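Each remark here refers to the structure printed beneath this line.
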There are 2 protein chains.
Amino acid sequence: MSILIKNALLSNEIKDIYIKGNIINKIDSKINAKADNIIDAMSKAVLPSFLNLHTHAAMNLFRSYADDMKLEDWLKKKIWPVEARLTEDDVYWGAKFACLEMIKSGTAFFNDMYWHYGATARAADEMGLRANISAVFIDMFDNQKAKEQIERNEKLFIQSQQYSNRINFALGPHSIYTVSEKSLLWAKKFADKHNLMIHIHLSETEKEADDCIKKRKKRPVEYLEDIGFLGDNVIAAHCIHANDKEIKILKKYNVCVVYNPVSNMKLCSGVFPYEKMKNAGVNICLGTDGCASNNNLDMLEEMKFASLLQKSYSRNPVALPAKDCFKMAAINPAKAFGLNCGRIEEGALADLILVDLKDLNLNPNHNLVSNLVYSANGTCVDTTICNGKILMHNRKVEGEEEILRKANEVAFRLTANKSA
Amino acid sequence: MSILIKNALLSNEIKDIYIKGNIINKIDSKINAKADNIIDAMSKAVLPSFLNLHTHAAMNLFRSYADDMKLEDWLKKKIWPVEARLTEDDVYWGAKFACLEMIKSGTAFFNDMYWHYGATARAADEMGLRANISAVFIDMFDNQKAKEQIERNEKLFIQSQQYSNRINFALGPHSIYTVSEKSLLWAKKFADKHNLMIHIHLSETEKEADDCIKKRKKRPVEYLEDIGFLGDNVIAAHCIHANDKEIKILKKYNVCVVYNPVSNMKLCSGVFPYEKMKNAGVNICLGTDGCASNNNLDMLEEMKFASLLQKSYSRNPVALPAKDCFKMAAINPAKAFGLNCGRIEEGALADLILVDLKDLNLNPNHNLVSNLVYSANGTCVDTTICNGKILMHNRKVEGEEEILRKANEVAFRLTANKSA
């Protein structure tokens, strides 16, 4: 398979791009080559696709099902009851819907944690995306549950071999307040042995930090360091309440931290200490979190919130400039996962997007990155290519009507059936 | 002229809507009537259009021209030099572009303040929008300048009679730190005499409040009360630093206040005291401010920022719920301007939009208002109707290519010509 992209704007020059297999084979001002697909990218700019580093994909089913509520009511009265009814098939359609939304807004990779691992893996694989997918691992400090979870994850790891190499199995110990030390260490050992990533929620709320201090006389990141959990295969979502010492520890172990500004604002979790993290040299990436706390997966919108939240709280209009937002959304995550993408260069993976320069929000084009971050939204993306395959062109994705129909059916059955 | 909208979702029911002239004439489950235009609104919901209560429309030309800068550098090095070169024709194309963007995101009314009044008025009139437009009035406490501004505004008021009755002339005294007391009082008197609105920036920054206290031994709102400036024809943009006493005064005089969350965050102006304003019963509306400090005019995005900024700072996830955001964007402004719109009812002005229920971000449709506020953006709007005229249908606006081309030409000429 090959793709020839003609006349694309690449860093202020018009270039042709030849993709062979899943790799950017050649970039030149004029390429005359035969290709299975030729895309005329006149009036379009080529950019690396986005990587969404914290999702619960199938929660797309619950978009706007429960907003403007207190956290406890939200969880206990709304989210947990419907999640308890979720089947493998429900998660499959929810995840397909999330994949569709990501493709439509230029995201080609996501780092997920949710129930029914196989359903999300199958959905992402079929949709052509790249993904790091973990099953939620919660034992609530119960030995029997821990045993079940460990066995389940061992099985899922074997099962995961059936998917394409775009789909990676990961460990998903939910958090330090839902997973025992023993299970955390098992996850770490298993991940290290099999070269897997670990996805965990960390220091999302003040309560989490306070409870950890009460229970263990140390803060969450210190606790994880002490038990030997930290490493460069750990993706820690949130890290809002990490203090200076903890930030140094995160850097020491090259933990990748994920900033989720919309979710943090909506759930009132606090403000991610961006400036301190950046000054410490931590690898910071961007995530949307699930649709029940966002309520979308649009990485362009997320970049705007990322910057403006930092500007507002620091009262510094120069804080977190647009180009750094773009790095957090498209470049830093590739580093975290050791992926050969996040740049438009010969030899890199063909994970890229074309944005429509005729989109009103990208005009005038005084500064493309500023326009992408502060003005545009995901609908400016015309074409999404992942691993050398066209997943969207002219904003059309194969099978989108069926996905929307099925996801709606599932969503309404789950939320209507309140007595189940 | 008449329009028959068939099969639109209106508050959970499917309805036909018959528009005669500029009025919603009839709403029923089935209307069989001849009409000049018939719109099939199957899979679309009908809603009142948005009213953007604080804009500097032609600043669309400077979108993303100067971001991530300190306020003083931004103004002195970037914005003021290009504004000094603006011609009437430049503002005309900038305003046309802004009108196009507003139509495309469902806004049918805007409250503007900018240079070259006639250019913005002509643009809004031609584009079919409803608008309240003021010329920037700045005298810098100079008698000669004040005299010139007064004469200019008297002339503009007469000139404004040439536009359709959708376009209203308003007074635009810029702020208390750029306009003398004498001129403020002239504006108030002139507005009262001719039944005009007044558009002013008020308490946008801490510095404005501090300087006012130093100079006048009172706070900005107290000062305006004392000189007899306040009234229900005053639209006060920002009001971030109004204290409890000032909020009471704003309510006492039924001043309409405009919350501009994106601009406030981007320029680090502070946080609008929403809860206090709401509890005091102040009429609160939403605005985007100009594109140089936003960087778009999307009222759907603005609603999300409005809610999330309040939630984050108050650490209360129930703060500023979605339905109140929608009121601030579509209902409260109609009250402020005494406009017979902001609702889909027989007898109301036909200022309305159709949103595409197949837009991914509006699915599943557990709650349409939540989806509009937290998930969607302006591209979910399929049709915009103002004053009984279709301004956009199927996302197409007449003449949009030319507007984009001309606005870009103007924008690049203005910003390239740095030595002029």
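The values are calculated or read from the model by the stated rules, or taken from the named source; none is laboratory data. Everything numeric here is computed off the predicted structure, so don't read it as measured data. Here the Cβ positions follow ideal geometry from the backbone for every residue, glycine too, while neighbour counts run over all protein chains shown.
At a glance:
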| quantity | calculated |
| --- | --- |
| Only listed residue being crowded, with 24+ Cβ neighbours inside 10 Å, more than 13 Å from the chain's Cα centre (by Cα) and not in a loop (DSSP other than H, G, I, E, B), chosen from A:Met277, A:Met265 | A:Met265 |
| Count of the range A:246-262 residues which are assigned to a helix (DSSP H, G or I) and within 14 Å of another protein chain (Cβ to nearest Cβ) | 2 |
| Scan of the range B:213-237 for residues that are in contact with a Phe, Trp or Tyr (Cβ under 6 Å, 6 or more places away or on another chain) and not charged (D, E, K, R), ordered by number | B:Leu230, B:Gly231 |
| Filter result for A:Lys406 (in contact (Cβ under 8 Å) with a residue 40 or more places away in the chain, away from chain B (no Cβ under 14 Å) and in a helix (DSSP H, G or I)) | no |
| Among (1) within 26 Å of A:Val257 (Cα to Cα); (2) in contact (Cβ under 8 Å) with a residue 24 or more places away in the chain; (3) surrounded by fewer than 21 Cβ atoms within 10 Å (Cβ to Cβ), the one test that A:Asn37 misses | (1) |
| Residue within the range A:229-237 that is within 14 Å of chain B (Cβ to nearest Cβ) and either closer than 19 Å to A:Leu185 by Cβ or buried (at least 21 other Cβ atoms within 10 Å of the Cβ) (or both) present | no |
| Subset of the range B:81-116 [assigned to a loop (DSSP other than H, G, I, E, B) and either over 22 Å from B:Asp356 (Cβ atoms) or at pLDDT below 95 (or both)] | B:Arg85, B:Leu86, B:Thr87, B:Trp115, B:His116 |
| Number of the exception - A:Asp68 against (1) closer than 27 Å to A:Met328 by Cβ; (2) out of contact with any Lys or Arg (no Cβ under 7 Å at 6 or more places or on another chain); (3) not in a helix (DSSP H, G or I) | (1) |
| In the range B:279-308, the residues that are within 14 Å of chain A (Cβ to nearest Cβ) and of a type in the set (A, V, I, L, M, F, W, C) | B:Cys291, B:Ala292, B:Leu297, B:Met299, B:Leu300, B:Met303, B:Phe305, B:Ala306, B:Leu308 |
| Residue count, the range B:373-387 (criterion: among the hydroxyl-bearing types (Ser, Thr, Tyr) and not in a helix (DSSP H, G or I)) | 2 |
| One residue from A:Leu47, A:Leu53 being in contact with a Gly (Cβ under 6 Å, 6 or more places away or on another chain), in a strand (DSSP E or B) and modelled with pLDDT of 95 or more | A:Leu53 |
| Unique residue being more than 14 Å from chain B (Cβ to nearest Cβ) and within 24 Å of the chain's Cα centre (by Cα) when the list is A:Asp125, A:Asp90 | A:Asp125 |
| Selected residue (only one of A:Leu391, A:Leu404 is modelled with pLDDT of 95 or more and over 25 Å from A:Asn37 (Cα atoms)) | A:Leu404 |
| Answer residue from the range B:55-69, given it is among the aliphatic types (A, V, I, L, M) and either surrounded by 24 or more Cβ atoms within 10 Å (Cβ to Cβ) or more than 7 Å from chain A (Cβ to nearest Cβ) (or both) and is nearest to the chain's Cα centre (by Cα) among those | B:Ala57 |
| Number of positions in the range B:345-387 that are more than 30 Å from A:Val397 (Cα to Cα) and over 20 Å from the mean Cα position of the chain (by Cα) | 4 |
| Helices (runs of 4 or more DSSP H) completely within the range A:280-372 that count 2 or more residues being buried (at least 20 other Cβ atoms within 10 Å of the Cβ) and without any contact (Cβ under 8 Å) to a residue 60 or more places away in the chain | A:299-314, A:322-326 |
| Single match in A:Ala376, A:Ala411, A:Ala416, A:Ala407 (criterion: more than 30 Å from A:Val234 (Cβ to Cβ) and touching a Pro at 6+ places or on another chain (Cβ under 6 Å)) | A:Ala411 |
| Matching entry among A:Lys323, A:Lys311, A:Lys266, A:Lys276 (being more than 9 Å from chain B (Cβ to nearest Cβ) and under 30 Å from B:Gly270 (Cα atoms)) | A:Lys276 |
| The one condition in (1) among the aliphatic types (A, V, I, L, M); (2) assigned to a helix (DSSP H, G or I); (3) more than 10 Å from chain A (Cβ to nearest Cβ); (4) surrounded by fewer than 23 Cβ atoms within 10 Å (Cβ to Cβ) that B:Ile390 fails to fulfil | (2) |
| Per-region count, the range B:56-92, residues of a type in the set (Ser, Thr, Tyr) and touching a residue at least 40 places away in the same chain (Cβ under 8 Å) | 2 |
| Subset of the range A:2-44 that is in contact with a Lys or Arg (Cβ under 7 Å, 6 or more places away or on another chain) and either in a loop (DSSP other than H, G, I, E, B) or of a type in the set (Gly, Ala, Ser) (or both) - its residue that is nearest to A:Leu349 (Cα to Cα) | A:Ser2 |
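Residue-wise test of (1) within 14 Å of another protein chain (Cβ to nearest Cβ); (2) closer than 27 Å to A:Ser375 by Cα; (3) out of contact with any Gly (no Cβ under 7 Å at 6 or more places or on another chain).
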position	(1), (2), (3)
B:Arg85	no, yes, yes
B:Tyr114	no, yes, yes
B:Ala135	no, yes, no
B:Ile138	no, no, yes
B:Asp142	no, no, yes
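A quick yes/no check of all residues on (1) buried (at least 24 other Cβ atoms within 10 Å of the Cβ); (2) touching a residue at least 24 places away in the same chain (Cβ under 8 Å):
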{"position": "B:Gly94", "(1), (2)": "yes, yes"}
{"position": "B:Phe97", "(1), (2)": "yes, yes"}
{"position": "B:Gly106", "(1), (2)": "yes, yes"}
{"position": "B:Ala123", "(1), (2)": "yes, yes"}
{"position": "B:Met127", "(1), (2)": "no, yes"}
{"position": "B:Ala146", "(1), (2)": "no, yes"}
{"position": "B:Arg152", "(1), (2)": "no, no"}
